[in-house]
1. Shielding of A:255-262 by partners, i.e. mean partner chain Cβ atoms within 10 Å per residue?
2. With springs only between Cα atoms under 10 Å apart, run a GNM on chain B and tell me which of B:Val179, B:Val161, B:Val169 wobbles the most.
3. Kirkwood Rh over Cα pairs of chain B into Stokes-Einstein at 25 °C, 0.890 mPa s: D in µm²/s?
4. Rg and Dmax of chain A, using alpha carbons, in Å: what are they?
5. When chain A is modelled as a GNM with alpha-carbon springs shorter than 10 Å, which of A:Gly247, A:Gly284, A:Gly162 fluctuates the most?
6. Roughly how many nanometres apart are two label points built 7 Å out from the Cα toward the Cβ at B:Glu235 and A:Arg230?
7. Which net charge results for the neighbourhood of A:Leu299, defined as the other residues with beta-carbon distances under 13 angstrom from its beta-carbon, given Lys and Arg at +1 and Asp and Glu at -1?
8. I need the peptides B:47-57, A:69-79, A:119-129 ranked by packing, meaning the mean over residues of other C-beta atoms within 10 angstrom, with the highest value on top.
Amino acid sequence: MTDIQKSTVAERTAAPTSDQPDAPLPLRSRIMDGNLGGYLLLLPAVLILALLTIWPIVYSIAISFTNYRVNSRQPTEFIGLDNFTQLFSDDTFLGALWITAKFVLVAIPLQLILGYVCARILSAAHDMPGARIFRTFFIVPTMMTSLAVALFWGYILDPFIGVYNWILAQFGLPQQEFFTSTDSAFRTVVAVYLWQWVPFTAMLFMAGLLSIPRQIYEAASIDGARWYHRVLQIDFPLLKRVGAIAGILATVEIIRLFDLVYGTTQGGPGTSTLTNAIEIFRIGFQDFNTAYAAAASLLILVVTILISQLFVRALKETEQPA
Amino acid sequence: MTAISEPAPAERRPRFGRQHLKWAGIWLLALLLALMSAAPIVFIMLTSFKTFIQTQLLPPPWPDLTNLDNYTTLFAGEGEARGPLVRSLIVATATMLITLTAAIPAAYSLARYRIARKKDIQFWIISTRMMPLIAAIVPLSSMLLALHLNNTVQGLIIVYVGINLSFAVWLLTIFFQSVPQQVEEAAQLDGHSRLGTMFKVTIPIARPSIIVVAIFTWIFAWNEFLAALVLTTGESQTLPVFLSRYASQTLTAYEQMAAVATVQIIPALIITFAAQRYIVRGLSMGALSAD
C-alpha cells in the first residue's frame, strides 16, 4: 500500500488516528493537518451531486433534440428543435402548465394567510396548558407521506360512501361531488394540499413571530394600538422576509406536486387537475416518449430557475436591518 | 402527556371575565386546529380495523379494535406488503446513513478549511436543491438503466442520497460554523490533528444538528413516491409504490388501503411526537437561514 492510500483509508475510517501532530510523512500531515484534507473531505459529496444533477441536465439537453424513445427499436434521429416547437403547440401540455400556474395563484395566497392566522392562534396559545400537544398534532400532516394523505382523503371525500358528505347531510348542507366532477375536483385538490402544507407555513411564521421582541407589542399597546395596527404595522413588515421564503418554497412545492394528484384524481376528471408533473410522467412513462418528456422537463427546469432567481431577489429586497 | 407547559405566570392573569373569555377562545381555537389535523388521521386508523362491508356503511360503524385481519393479511408471513415494508425501511435507513457519511465531512470542510472557490461551490450545492425531481426523473431513469441499476433498491438509494445531500451539507455547514473555533483550537493544542478534532470535538458538539438532518433524510426517503414509482417495480417496489395500487382500483379495498396507509404514516407520528423540538428547528432552519 502506498502512503496515499494509507492516509486516505485512515482519514475515512475516522476517529482514532494520529495523536502526534508532527507525523513523519509530509503527505500524511498535509492530509491530517493541512488543507489537502479539506478537499478530500469535500470530494465524495461533490462527486455524488455532480453525477445526479449535472449529468441529468446534460443528458436531457442532448436527447431533447432527438426522437429517442426508451422502449423503441427504431434508430434515434436528430430532429433539431421539433420537440420544443411541438411543446408550444401541445394543448395538453400548455393546459397542464396553466393548471399548475392556477394552482400557484389560488393556493399560495390562501396558504400564506391561513398559515399566518394559525401561527397567530398557536403563538397566542403558546404557554397555555396542552398547547405543546396541540402544536404537535397540528404539524403532523406536513411530515406524512403525501400519497397516503391523498388516498385517505379520497376515501373520506368519496361522494357516496365518504364520511364527509354524511356529516354535511347531518347539518342539512348540500352534498358535494369533490374529486369526481370537473367543477369541484380542482378546488378539492387545493383544499387537501392546504390541509397538508398550511401547518408547515404556520411553523415558519411562528418561528418568525417568536423572534419579534415582546416589548414592541407592549409599547404598541401602551400607545393604544388595536389588533389591526399590530397585524399591519408590526407583524407584516417584520414577517415579510419569512413570508417571501414561505411563498417561494410553496411555489416550488406546487411545481413538483405529483403524489397528491396521482393519489386522488390522476389528473382528471378530463384534464381538470392535470398538473405539469403528472403530464410529464404520462408523456415519459406511459407514452414512453422519452425525448419529448426530456424537453418538457427542461422547460420546467428553466421556469424553476427563474422562480429561484425571484427567491434570491425577494430575499435581498426584504433584508431586515439587523 | 408529560410535557404540558406551565400556564402563564399568575401575575399576568387578569382578574376579569372578559380577559378570561379571550383566553378560553384562543385555547379553543388552538384545540380546533389540532383536531382538524388529527381527525382524518384517527379516522383512517380506525378504518384499518374494519371489514370491507363496514367501510361501505354510513354512518361509519365503530370498528372492532381487536380485528387485526387487514394487518395480518398484508404484513404477516406471505403478506404482499411485507416485502415493500422491509425494503422501505432499508432504503430510508441506508439513505440516511450514506447521506450523513458524505455530508458531515463535506460540511466540515466548507465550514473550516480554506477551499479554493468556496463561495461558488456552496452556491452550486444550494442551487441543486431547487431542481424539481420531475425535471430530473427522465434522465435519471435512463442513467440507472445504463448502469443496470434500474428496478433495484440500490439505484433508488443513490437517487435519494443525491436529492438529500445538498440540504444536508448546507444545514450542517451552518451548524459547524456556529461551533466556537476556540474549542477546536484548544483541542489542537492538546495534540489532536485537524481531522481528529473534527471527529472528537466538533461532531459530538454538533450532535443535535446531525439528528435534525438524520430525521429529515430518513423521513424524506420513507415518504418519497415519484422516483420510487418510476425506478422500482414488482420485486423492488417500496411501500408507497405498493400503496399506490389502491389509487386505481375500480372497487377500492379501503380497509386494506387504510392499513397500509396507517403503517406508512406511523413513522411521521412517532418522529413528530418524539422529536418535535428537532422538527420545528429543522423546518425553520432549513427555510429561514437561506443566505
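1. 4
2. Answer for the Gaussian network model of chain B: B:Val179.
3. 108
4. 26.4, 86
5. A:Gly162
6. 6.3
7. -2
8. Most protected by this proxy first, the peptides run A:119-129, B:47-57, A:69-79.
Each value in this text was obtained by applying a stated rule to the coordinates, not by laboratory testing. Model, not experiment: these values are computed from the prediction. With ideal geometry, Cβ positions are generated from the backbone for all residues, glycine too; neighbour counts draw on all protein chains shown.
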